[in-house]
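The values are calculated or read from the model by the stated rules, or taken from the named source; none is laboratory data. Worth saying up front: this structure is predicted, and the values here are computed from it rather than measured. A quick note on method: Cβ atoms are made from the backbone with ideal geometry, for glycine too, and the neighbour counts reach across all protein chains shown. Accessible surface areas use protein heavy atoms only, side chains included; no ligands, DNA or RNA. Shrake-Rupley method; radii C 1.70, N 1.55, O 1.52, S 1.80 Å.
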Amino acid sequence: LAQRFIDEANTVSGDLVLRAAKRGRNASELIGVVLSKYLIERELTGDQRYFGWYFLDDYAAWLGQKEEQIADILALSPEIAEDGSRQLSVIISESKYIDHANLSAKSKESQKQLRQTVDRIAKALFGDPGRLDRDIWLSRFSDMVLNGIHFPANAQLDLSQWRRDIRDGKCGIHLRGYSHVFVSGPTDCPECSSFAAVAECNNAYQETFSRAKLRQLIIHFWKYTDPVSVRQENSDQDIWSEKVYQRPSDRIKTLIKTTKKSAGIARASALTDAIETIDPASSTEAQAPLQSTDIAPLAPLPAATSAPASSSEESHSSIQQTEDSTADSEADKLWLKEIESRTKGGLQQFQLQSKLISSVLTPNAALLKFQGSSNLTVEQVTKRRSEFLTTHGLNLITIRAEPGVVSLSVARPTRRILRFEEAWARWNPQISAHGNQELLIGVKEDDGSLLFYSPIRNAPHALVAGSTGSGKSVLMQNIILSIAATNIPEQAKIILIDPKQVDYMIFEGLPHLEGGIIDQQELAISTLSAVVTEMDRRYSVMKENKVTKILDLYKKPDATERPPILWVIHDEFAEWMMTDDYKEAVTSIVGRLGVKARAAGIFLIFAAQRPDSSVMPMQLRSNLGNRLILKVDSEGTSEIALGEKGAERLLGKGHLAAKLEGESD
């Protein structure tokens, strides 16, 4: 095996081989280079394949970089395509053969060296517009193919034609880069294998092999077998069978313009030369950028399309969507794969572990779950959130801790709408003698299951918050629809208080409404006071019937009364809470209801844009245990409404953070 490594090293021309042979200091690096060479060779194996291997340190001057800033080896492999055309594979490799203690630093260093080298070559060959040094690079490649690749005497190759095609840019080129990191020790080295796209570098990847995986690679090397199975264990995508060939950019065209000077300046006509560089792509018609519109909601659901249209803009933006936008396209699925690679690359660039456990495309985002460790925590990712956005173009909506997992949610460029009918078709409410108190409010992003709010299972009262355009009114409308659709008026009554006076006009005449839509302060205070009186009365009924809660009356055959569930829904209460009389009255009333209302079958849902302390005292807020929070305007508002930061990063139009009492998350 050792002799095999020596023989393979000798096939690579370069000064590093001599240094390693003389001093032994570079032996580890040379082992990494030989293994990297073997991986590339097996990847490109095919009929009539020939290889040229070049140490890039010997070409540092040509690349215009220092030796320590460039990748290790360059592989050139010409081939004839099925249609008879000539193609050239150009593979750049940077390898590290290291101890586990140096993994983080060396992985980042390896990515940087590979990125600088691949980026330099890619821009020279495929830059748009074409670069002036394009011909120099192609000419050098043609010389390296002829001088560095040993073709057998019987090879059916017209070498002069190969040279011309490469130099003239007629030869398709497959350019790819690899950062291969081989972890050789210690003997108890943990499993650290990974695969990620190198950030800011097209078609470049970093493969990390743990000590156990390195052993498997060396066995393949020893037995001349294909190591692709070991590589595939690190990744859920097969990039090794994909080869994309593209032609170099068109040559720069230079026009010499001659202009005759005025005869008065000189008797002999003098010519002035103007050299104009023409972009070959300038004659093509520019394509207009695709127009994307923020769609959703994930939650809340839009109002039913069969209902009369509301004047609320939120309702219109949710309802008026085409059916084409209800399903994810192939482009969306490809975007998810791209986001996986970019996120992995970003984590690796920040020297964080990037082992992806699962990924799923939600209506709002790509939800990626990475294996948590001391080298990947929520705090480490959170402090780099702005760098993910500016450097990698990844808008991280949420960064959540789960058992053994760090879950990242990356915003989609175009969100998918969740149609009202689509969610309700999956809802099978369990309606009993006392009706239904489990309300459908949305769909969970992590698994697509339905999200319910129940004042019986969760806390009895709820706070809804969200700024303009967040979808708050649509959510409130859907809650009312859920109550009315699953309860007859004898089972559920709704007291609806609407200071804005416009959002709930569609519910005028709903038989469940108690006293119509209340839009005056004085009437609202008297109605809430009446609710307290009704609560006390219900306790007397429960005492008389010897039950502890109102729902038990429905099970009791000889119950003297079966009062309906009473829902008190108050939208935009913050507007009236700025009035001292109203604030004092409502705080007192809600305080009493918060303590005793559940057993009496009375449930409160209060909504506001900004439920801060000036309009919502702590005592009132603490009585509203369930939090249904849409996008808010600031971190401070999120902390008040949700109890933590994050709601300010929601995407609006129905994107919801639900914190329900009694739920695990």
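From the list Ser638, Ser664, which one is open to solvent by less than 10 Å² (accessible area, probe 1.4 Å) and hydroxyl-bearing (Ser, Thr, Tyr)?
The unique qualifying residue is Ser638.
From the list Gly625, Gly654, Gly594, Gly601, which one is open to solvent by less than 60 Å² (accessible area, probe 1.4 Å), in contact (Cβ under 8 Å) with a residue 12 or more places away in the chain and touching a Gly at 6+ places or on another chain (Cβ under 6 Å)?
Working: Gly625 fails: touching a Gly at 6+ places or on another chain (Cβ under 6 Å); Gly594 fails: touching a Gly at 6+ places or on another chain (Cβ under 6 Å); Gly601 fails: touching a Gly at 6+ places or on another chain (Cβ under 6 Å).
None of the other options fit; the residue is Gly654.
Among what's in segment 175-203 and is within 16 Å of Ser93 (Cβ to Cβ) and modelled with pLDDT of 90 or more, pick the residue that is surrounded by the most Cβ atoms within 10 Å (Cβ to Cβ).
Ser179
Output the residues belonging to segment 542-587 that are free of Cβ contacts under 8 Å to residues at least 24 places away in the same chain and in a loop (DSSP other than H, G, I, E, B).
Lys546, Val547, Lys556, Pro557, Asp558, Ala559, Thr560, Glu561
Would you tally the residues in segment 443-460 being open to solvent by 10 Å² or more (accessible area, probe 1.4 Å), touching a Gly at 6+ places or on another chain (Cβ under 8 Å) and not aliphatic (A, V, I, L, M)?
Residues meeting the conditions: 2.
Can you tell me how many residues within segment 466-491 are among the small types (Gly, Ala, Ser), part of a helix (DSSP H, G or I) and open to solvent by less than 10 Å² (accessible area, probe 1.4 Å)?
2
One line per residue, one yes/no per condition, for (1) of a type in the set (A, V, I, L, M); (2) in a helix (DSSP H, G or I); (3) closer than 30 Å to Arg134 by Cβ; (4) touching an Asp or Glu at 6+ places or on another chain (Cβ under 9 Å):
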| residue | (1), (2), (3), (4) |
| --- | --- |
| Gly169 | no, no, yes, yes |
| Ile173 | yes, no, yes, no |
| Ser184 | no, no, no, yes |
| Ala212 | yes, yes, no, yes |
| Arg215 | no, yes, no, no |
| Gln237 | no, no, no, yes |
| Ser241 | no, no, yes, yes |
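Identify, from the list Leu440, Leu463, Leu496, Leu513, the residue that is open to solvent by 10 Å² or more (accessible area, probe 1.4 Å), of a type outside the set (D, E, K, R) and closer than 30 Å to Asp552 by Cα.
Leu513
In this structure, does Val590 turn out to be at pLDDT below 85 and part of a loop (DSSP other than H, G, I, E, B)?
It is false that Val590 is at pLDDT below 85 and part of a loop (DSSP other than H, G, I, E, B).
If you scan segment 407-447, which residues turn out to be of a type in the set (Ser, Thr, Tyr) and more than 23 Å from Ser358 (Cα to Cα)?
Matches in segment 407-447: Ser432 only.
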